[in-house]
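**Q** There's a structure below that I have some questions on.
The values are calculated or read from the model by the stated rules, or taken from the named source; none is laboratory data. Here the structure is a predicted model, which means the values were calculated and not measured. Cβ placement follows ideal geometry from the backbone for every residue including glycine, while neighbour counts extend to all protein chains displayed.
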Amino acid sequence: MNSMQYYSPNTINEYRKIYSGIADKSILIFSGGTDLMVGRHELSQDAVIIDISGIAELKGIVKKGDKIHIGSCTTLNELLCSHKIQNDIPILIKAIKTMASEQIRNRATIGGNIGNASPAGDTITPLVVLETKIEIFSPESNEVRTIPIKTLFSGPSATTLEKGEIIIKIIIPLRKDEDIFCYFRKIGQRNAMTITKASLSAIAKCSDTKIEWIKLASGSVSPVVKRMSKTEEFIKGKKLTPVVINEAKEIIAKEISPITDIRSTKAFRVLITKNLLKDCLSALIKR
Amino acid sequence: MNKHNEIRVDAASKISGIERYTKDLRIKNALVAGTVRSSRAHARITSISFDEKFDWSKVTILSAKEMHNNFVAIIKNDMPYLAENEVNYVGEPILLIAAENETMLIEAKKHIEIKYKELVASTTLKVAVDRNRAEDLFEEILLENGEVDEVFKSADTIVEDIFETGFQEHVYLEPQVVVAIPDGNTIHIKGSMQCPYYVQNAMNELFMGTEVKVDVTQIMTGGAFGGKEDFPSLICGHVALLAKKTGRPIILSYNREEDIQFTTKRHPSKIHAKAAMSSDGKILGLDMDILLDSGAYATLSPVVLARAVLTSFGCYKIPNVRIHGRAVKTNITPSGAFRGFGGPQSLFAIEMLFEKVAETLKIPVWQIKKSNMLSLGDKLPTGQPIDYSYGLPQCVEKVLKSSDYEKKYNELKKYNENESAQTGILKGIGISLAAHGCGFTGVGENRIKAIAEMELLSGGKVLVKTANTEMGQGVDTAYKIIISKKLHLPFNDIIIEEKNTSKVPNSGPTVASRSTMIVGKLLLDNCEQILDALSLNHFEFSLQDFKKAAKEYFKNHDKLVVQKEYKHPNFIKFDENTYKGYGYPVYSWSANVAEIEIELTSYQVEVKKFYTAHDVGKAINKQQSEGQVQGGIVQGIGYAVYEALCIKDGEVQNRGFRDYIIPTIQDIPEMHVDIVEDAYFNGPYGAKALGELPFVGAAPAVASAVSFAIGKTATKIPLTPEVIATLIENNNYEH
């Protein structure tokens, strides 16, 4: 009987070496492990596990020109406490505040949340509306590639990452315009320690009477988190009257494709996604 | 006796982490046990095959074929330890495996294949009821009083509806865990359990006709709520059988996933209730049909149903009553004991029936409840007079005051009419009255004949011998307070004997909120027996007097052991055929007010405030009593709002805390608890039941507040957002 193998590299280079040394390459890579540990008894006894959360180069938050660079192994609580994030990316703060518990936020990382590729991943919807880019390192080619976050996901818990590739950096463009509206709300099953039934992230710019542009992403209501582009297109340039809001609700209902599972039903997810959009647009009007 | 706020005797060991639970026991040479379970809800087992590629000499397998007395001794003896030919629920144990370690256990399981022939399964209560088979009826009860048919013919208004409550999981902190240690012809069983003598009895039946002797010891238990009342008998049998077969100690511990899927749950209910009303809001008749989903085996269903029937008329004076109750078999994990024990189901129905009456007659619900509430001296439909220890009127007075119910009722009505459209939040205030029969139902106590024992030790200490277990509820501390007050002994001089069936007498199970009231009273009697033996006046003596008298006593005697057996006062009689007489020797009462909000984007019910007043006769430990009440409220809020067990084709879908949602500290309200003490003449210092009552009244108060907020009667719990959306938006969001 084989036994479980566990590696914990301290540098990206070490990671590359460990990876190269493993023959069958059926490797589980994690950062934080707050999801993995809960299901640890389901792991195969001969699993090969690499914990990348000890790689120092993958930690930290840096402002570079008009972008914020976040190391993928930065924990959720490090993000919450960061003045840079608080000042420049408030939508991410709003999202992280709703996630898990203090203890879990101390361990869970932003890269882990993204790589887990859950449609209910709560950092993902804000990152998608922010048009975030992801830096990926490949141990096979020893190279780094950069992709838009929206192209990372290929299905629930599935990504376009190649074997051994790890997310190393999250790059968020900053908007010079200061008057950006942002909205994040998730609906779960209780007030804390809860998995999203449906969520909505939005950023928008409005002039005196009209919405100049809006970017929307819904969580937990389609196989992957994606932009609600038809709804965005419809709202763009319009004044938010009750009629417009109602029409927008019907459009977003058609853009999503939720399922019924143990947490909620398809019909309810459609209903609350419409409600979330109304809640968002109402907040936008009140502003 | 003054109000007591004693620090619990188990507090330091638990907070510091030195307390040892069953999994902390270090047992040399032990094997770990695992269970091979049915994957079918109802089927015939056609074959069991063991893969030749696996080395079976490394593990021990046990099947039903090797067993003689293959039934778990609980009421109907219908549940096998291991299924032999037929399985009746998904997860039913078929084989047991003992292995050197967990890994080998998992590996062995992978190499066993069981084939089935599917049989018709009742995977919902509705299917079972529609099949209408006599053999599916575990119990049927009819309680009738007065002229029910007449009064329904002549009543001004008849109000009726169907009320439903869901499954509930106990969610004790410590999952099920037991061990068996063979020792010659004896097997020592230890584990997390409420009732060592229930296990002892089951083991006696299991090993009847063999040389095997068993003793049972309760190890510090991390929560139970009824989940460790009947269930441990099954798994103690499993470890005992494996210990006998292997000759080695056996540990069986469920992980949370196994525990949530395959251990007992609260019985779901479907109750059709009808009220005959006069135009001024007096209830003239009640006709109720109670269905309980018992799951695959009877377990304690007959007694759960009995309590459901005897709780069904709530705290009201109802002259004409017909209560028909049935406990029905389904092919789902068996339902079992759970805090409240049938009471929460039927109390929900009667309270929400009054809600429906108020909605129909357009009379405020409190006005209806108040005008029908029992008065001192009134009789229950069983004929039992309520003429002592009736503190409900005081509870009502206190809770109306603390909550400012009537003022808020009017304010919130106005708010919902004028402001809720603007704020997107509906608000509600609800009220419930609850009764809980204290101790066992009917003749149960006379049948159990509980015995408590106390021994005077040299040095003037006492050794307390009961089988009543500490599972977090504070019974050890309560007993020390009761004894300390009587004998003037400090806590250190009062020693609680290990809950081991070879050391303590059978003082009955730790259930039915009976430990303080029944056994606590026996201990007080024991104290008096000791004082008599020492020739001390019962009231006027000091600690020094006691110590001196004890010293004197041992000059002439070897030992002093006193025993007392419980018997109901003579006038407390109950007829099990007609359900007439004293269902319980006394009742505890509560009045509850809940304030809730429903946010219309999410449809989440949030309980903002909860006020309650509990008449418990006497609070032996005041702070602990308040803690019990708060815990019961939180568990009741979970039952009312959050906790949804999802069953698909008879199989529990939930796997743990991530998908079985209980309230967190962020979800629970500000709570205001008042304790009322209307003494019970036959309880220690007047104490009666407390443990279950806080749970019973909570859900109806919350559902009443929800009904207020949405303007129609909420007829089922849990009131999840999907259910609330369905009620508000008139469209089905539940499926």
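**Q** Exactly one condition in (1) within 14 Å of chain B (Cβ to nearest Cβ); (2) within 30 Å of A:Val244 (Cα to Cα) is not met by A:Thr209; state its number.
**A** So the condition that A:Thr209 fails would be (1).
**Q** Further question on the same structure: Are any of the residues in the stretch A:167-184 modelled with pLDDT of 95 or more, within 14 Å of another protein chain (Cβ to nearest Cβ), part of a strand (DSSP E or B) and within 30 Å of B:Gly638 (Cβ to Cβ)?
**A** Yes; the residues of the stretch A:167-184 include at least one that is modelled with pLDDT of 95 or more, within 14 Å of another protein chain (Cβ to nearest Cβ), part of a strand (DSSP E or B) and within 30 Å of B:Gly638 (Cβ to Cβ).
**Q** Which condition number does A:Val62 fail, the rest of (1) outside any loop (DSSP other than H, G, I, E, B); (2) within 14 Å of chain B (Cβ to nearest Cβ) being met?
**A** All conditions pass for A:Val62, except number (2).
**Q** While we're looking at this one, here's another question. Could you run through the stretch A:252-261 and say how many residues are within 14 Å of chain B (Cβ to nearest Cβ) and surrounded by fewer than 16 Cβ atoms within 10 Å (Cβ to Cβ)?
**A** Summing the residues that are within 14 Å of chain B (Cβ to nearest Cβ) and surrounded by fewer than 16 Cβ atoms within 10 Å (Cβ to Cβ) in the stretch A:252-261 gives 3.
**Q** Another question, if that's okay. Filter the stretch B:412-440 down to residues that are part of a loop (DSSP other than H, G, I, E, B) and crowded, with 24+ Cβ neighbours inside 10 Å, then give me how many there are.
**A** Result for the stretch B:412-440: 3.
The rows are residues; the columns are (1) part of a loop (DSSP other than H, G, I, E, B); (2) in contact with a helix residue (DSSP H, G or I) (Cβ under 6 Å, 6 or more places away or on another chain).
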position: B:Tyr685; (1), (2): no, no
position: B:Gly691; (1), (2): yes, no
position: B:Pro694; (1), (2): no, yes
position: B:Ala699; (1), (2): no, yes
position: B:Val706; (1), (2): no, no
position: B:Leu719; (1), (2): yes, yes
position: B:Leu727; (1), (2): no, yes
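**Q** Being in contact (Cβ under 8 Å) with a residue 40 or more places away in the chain and more than 14 Å from chain B (Cβ to nearest Cβ), is that true of even one residue in the stretch A:141-150?
**A** yes
**Q** In the stretch B:79-107, which residues are touching a Lys or Arg at 6+ places or on another chain (Cβ under 8 Å) and closer than 10 Å to B:Val36 by Cα?
**A** Listed by number, the residues that qualify are B:Gly91, B:Glu92, B:Pro93, B:Ile94, B:Ile97.
**Q** Scan B:Glu355, B:Glu406 and give me the residue that is part of a helix (DSSP H, G or I) and either buried (at least 22 other Cβ atoms within 10 Å of the Cβ) or without any contact (Cβ under 8 Å) to a residue 40 or more places away in the chain (or both). It would help to see each step written out before you state the result.
**A** Details: B:Glu406 fails: either buried (at least 22 other Cβ atoms within 10 Å of the Cβ) or without any contact (Cβ under 8 Å) to a residue 40 or more places away in the chain (or both).
One residue alone meets the criteria, B:Glu355.
**Q** A further question follows. Which condition does B:Tyr639 not pass, out of (1) surrounded by 24 or more Cβ atoms within 10 Å (Cβ to Cβ); (2) under 30 Å from B:Arg40 (Cα atoms); (3) within 13 Å of another protein chain (Cβ to nearest Cβ), if it passes all the others?
**A** Of (1) surrounded by 24 or more Cβ atoms within 10 Å (Cβ to Cβ); (2) under 30 Å from B:Arg40 (Cα atoms); (3) within 13 Å of another protein chain (Cβ to nearest Cβ), only one is false for B:Tyr639: (3).
**Q** Would you tally the residues in the stretch B:303-320 being touching a Phe, Trp or Tyr at 6+ places or on another chain (Cβ under 6 Å) and touching a residue at least 60 places away in the same chain (Cβ under 8 Å)?
**A** At the first step, the residues of the stretch B:303-320 found to be touching a Phe, Trp or Tyr at 6+ places or on another chain (Cβ under 6 Å) are B:304, B:307.
Going one step further and asking which of them are touching a residue at least 60 places away in the same chain (Cβ under 8 Å), we end up with B:307.
Of the residues in that region, 1 qualify.
**Q** Of A:Lys230, A:Lys236, A:Lys274, A:Lys249, which residue is modelled with pLDDT of 95 or more, of a type in the set (Lys, Arg) and out of contact with any helix residue (DSSP H, G or I) (no Cβ under 7 Å at 6 or more places or on another chain)? Break it down stepwise before answering.
**A** On the way: A:Lys230 fails: out of contact with any helix residue (DSSP H, G or I) (no Cβ under 7 Å at 6 or more places or on another chain); A:Lys274 fails: out of contact with any helix residue (DSSP H, G or I) (no Cβ under 7 Å at 6 or more places or on another chain); A:Lys249 fails: out of contact with any helix residue (DSSP H, G or I) (no Cβ under 7 Å at 6 or more places or on another chain).
Just a single option satisfies the conditions, and that option is A:Lys236.
**Q** Hey, B:Ile572 hits all of (1) under 30 Å from B:Leu392 (Cα atoms); (2) in contact with a helix residue (DSSP H, G or I) (Cβ under 7 Å, 6 or more places away or on another chain) but one; which does it fall short on?
**A** Checking B:Ile572 against (1) under 30 Å from B:Leu392 (Cα atoms); (2) in contact with a helix residue (DSSP H, G or I) (Cβ under 7 Å, 6 or more places away or on another chain), the one that fails is (2).
**Q** From the residues in the stretch A:262-287 that are touching a residue at least 60 places away in the same chain (Cβ under 8 Å) and of a type outside the set (A, V, I, L, M), which one is farthest from the other protein chains (Cβ to nearest Cβ)?
**A** Going through the stretch A:262-287, the residues touching a residue at least 60 places away in the same chain (Cβ under 8 Å) turn out to be A:263-264, A:268-269, A:272-273, A:276-277, A:279-280, A:283-284, A:287.
Those left that are additionally of a type outside the set (A, V, I, L, M): A:263-264, A:268-269, A:273, A:279-280, A:287.
On the way: A:Arg263: 7, A:Ser264: 6, A:Phe268: 4, A:Arg269: 9, A:Thr273: 10, A:Asp279: 5, A:Cys280: 10, A:Arg287: 17 Å.
Among those residues, the one meeting the criterion is A:Arg287.
**Q** If you don't mind, there's one more thing I want to ask. On the basis of being free of Cβ contacts under 8 Å to residues at least 24 places away in the same chain and more than 14 Å from chain A (Cβ to nearest Cβ), does B:Asp161 make the cut?
**A** Values: free of Cβ contacts under 8 Å to residues at least 24 places away in the same chain: no; more than 14 Å from chain A (Cβ to nearest Cβ): yes.
Against the criterion (free of Cβ contacts under 8 Å to residues at least 24 places away in the same chain and more than 14 Å from chain A (Cβ to nearest Cβ)), B:Asp161 does not qualify.
**Q** All but one of (1) in contact (Cβ under 8 Å) with a residue 40 or more places away in the chain; (2) surrounded by fewer than 24 Cβ atoms within 10 Å (Cβ to Cβ); (3) under 30 Å from B:Val127 (Cβ atoms); (4) hydrophobic (A, V, I, L, M, F, W, C) hold for B:Val723; which doesn't?
**A** The one condition B:Val723 does not meet is (1).
**Q** Filter the stretch B:574-595 down to residues that are in contact (Cβ under 8 Å) with a residue 12 or more places away in the chain and either within 14 Å of chain A (Cβ to nearest Cβ) or among the charged types (D, E, K, R) (or both), then give me how many there are.
**A** Number satisfying all stated conditions: 3.
**Q** Look at A:Ile104 and say whether it is surrounded by fewer than 19 Cβ atoms within 10 Å (Cβ to Cβ), of a type in the set (Val, Ile, Thr) and more than 24 Å from A:Ala202 (Cα to Cα).
**A** yes
**Q** Another question, then. Among the numbered conditions (1) assigned to a loop (DSSP other than H, G, I, E, B); (2) away from chain B (no Cβ under 14 Å); (3) more than 30 Å from B:Ala108 (Cβ to Cβ), tell me where A:Ala23 comes up short.
**A** Answer for A:Ala23: the failing condition is (3).
**Q** Note down all Cβ pairs under 6 Å where the first residue falls in the stretch B:655-676 and is away from every other protein chain (no Cβ under 12 Å), the second is crowded, with 20+ Cβ neighbours inside 10 Å and in a strand (DSSP E or B), and they're at least six residues apart or on different chains.
**A** Pairs found: B:Met671/B:Phe610; B:His672/B:Tyr611; B:Val673/B:Thr612; B:Asp674/B:Ala613; B:Ile675/B:His614; B:Val676/B:Ala613; B:Val676/B:Asp615.
**Q** Now a separate question. Considering only residues that are buried (at least 22 other Cβ atoms within 10 Å of the Cβ) and part of a loop (DSSP other than H, G, I, E, B), which ones fall in the stretch A:203-251?
**A** Within the stretch A:203-251, A:Ser220, A:Val221, A:Val225, A:Met228 qualify.
**Q** How many residues are closer than 14 Å to B:Ala613 by Cβ, under 22 Å from the mean Cα position of the chain (by Cα) and buried (at least 23 other Cβ atoms within 10 Å of the Cβ) if we restrict to the stretch B:674-695?
**A** Total satisfying the criteria: 3.
**Q** Sort out which residues of the stretch B:428-465 are out of contact with any Gly (no Cβ under 9 Å at 6 or more places or on another chain) and polar (S, T, N, Q), and write them in order of number.
**A** Of everything in the stretch B:428-465, those that are out of contact with any Gly (no Cβ under 9 Å at 6 or more places or on another chain) and polar (S, T, N, Q) turn out to be B:Asn446, B:Ser458.
**Q** Follow-up. Being over 22 Å from the mean Cα position of the chain (by Cα) and more than 24 Å from B:Phe262 (Cβ to Cβ) is the filter here, so list the residues in the stretch B:649-667 that pass it.
**A** Within the stretch B:649-667, B:Ile665, B:Gln666, B:Asp667 meet the criteria.
**Q** Of all strands (runs of 3 or more DSSP E) completely enclosed by the stretch B:152-230, which ones contain at least 3 residues that are not assigned by TED's automatic domain parsing to the domain that holds B:Ser301?
**A** Details: elements: B:157-165, B:177-183, B:186-191, B:213-218.
Answer list for the stretch B:152-230: B:177-183, B:186-191, B:213-218.
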